[in-house]
């Protein structure tokens, strides 16, 4: 039997290496009906570009909390802290993850938490010849390393982990849509959009609310007809957009 009450579908990977998924927590705090069906998963890559000795590195740059987690798994972090490497993060949540390892975060964009904004911020402090290490996902865009390379930096961007579709959850996804008449789908990465399209080729006529313009563009290109991008690029902002949508639906 179809449920007529709107519901939010969370497609993020299972907690993204933390005990509690931050988006799920934000939606629950707003008392919003939701279901979490992880469509992607991250895993460490054994073969990646060699990471230089920290004493040869000027800047260590993180573009996601996942990158922080896998860097911590791979490296002896205390040596990097002792080397006094400058550290940059793409936004406050990533900065929190970095700080939890004991690093001091020297820089992150003030308003827009994207690779482009981080590149602009770094351009003001990185000098030609500086060695910059950017641990990343295999699927990460090349915007940041290309930008810094063009400005004379020596960029090392090892793909230390990768994101894959959780195809084993395709059945749960199909069952979910059979049981719900309408709602909203949340996406926090292009990888989640691609995984959804792979598992659900006939897209439902549900709006897609995304964290940031890059993910929103991926949703539009996948075929979603109603796409919204939360700004700033935070889980709290995304949850607020979902709440606004739910309120609009409930008052119609």
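The values are calculated or read from the model by the stated rules, or taken from the named source; none is laboratory data. Note that the structure is a prediction, hence the values are computed from the model and not measured. Reconstructed Cβ throughout: ideal geometry from the backbone, glycine too, with neighbour counts over all protein chains shown.
Here are some notes:
- Some residue of segment 61-68 being over 30 Å from residue 185 (Cβ atoms), buried (at least 16 other Cβ atoms within 10 Å of the Cβ) and over 22 Å from the mean Cα position of the chain (by Cα): no
- With respect to the conditions (1) surrounded by 13 or more Cβ atoms within 10 Å (Cβ to Cβ); (2) at pLDDT 90 or above; (3) in a loop (DSSP other than H, G, I, E, B); (4) in the same structural domain as residue 118 (by TED's automatic domain parsing), residue 48 falls short on a single one, namely (2).
- The single condition from (1) touching a helix residue (DSSP H, G or I) at 6+ places or on another chain (Cβ under 8 Å); (2) modelled with pLDDT of 95 or more that residue 56 fails is (1).
- Total residues in segment 217-248 satisfying the condition of being under 16 Å from the mean Cα position of the chain (by Cα) and assigned to a loop (DSSP other than H, G, I, E, B): the figure is 4.
- Members of segment 97-113 that are modelled with pLDDT under 95 and out of contact with any helix residue (DSSP H, G or I) (no Cβ under 7 Å at 6 or more places or on another chain): 110, 111, 112, 113
- Residue in segment 72-86 that is within 30 Å of residue 244 (Cβ to Cβ), assigned to a helix (DSSP H, G or I) and modelled with pLDDT under 95 present: no
- Selection from segment 9-30 of residues that are crowded, with 16+ Cβ neighbours inside 10 Å, closer than 19 Å to residue 237 by Cβ and either modelled with pLDDT of 75 or more or not assigned by TED's automatic domain parsing to the domain that holds residue 244 (or both): 9, 10, 11, 12, 21, 22, 23, 24, 26, 27
- Considering segment 90-112, and only residues there that are over 17 Å from residue 66 (Cβ atoms) and touching a residue at least 12 places away in the same chain (Cβ under 8 Å), the residue that is surrounded by the most Cβ atoms within 10 Å (Cβ to Cβ) turns out to be 109.
- In segment 133-152, the residues that are in contact (Cβ under 8 Å) with a residue 40 or more places away in the chain and crowded, with 20+ Cβ neighbours inside 10 Å: 133, 134, 135, 136, 137, 140, 144
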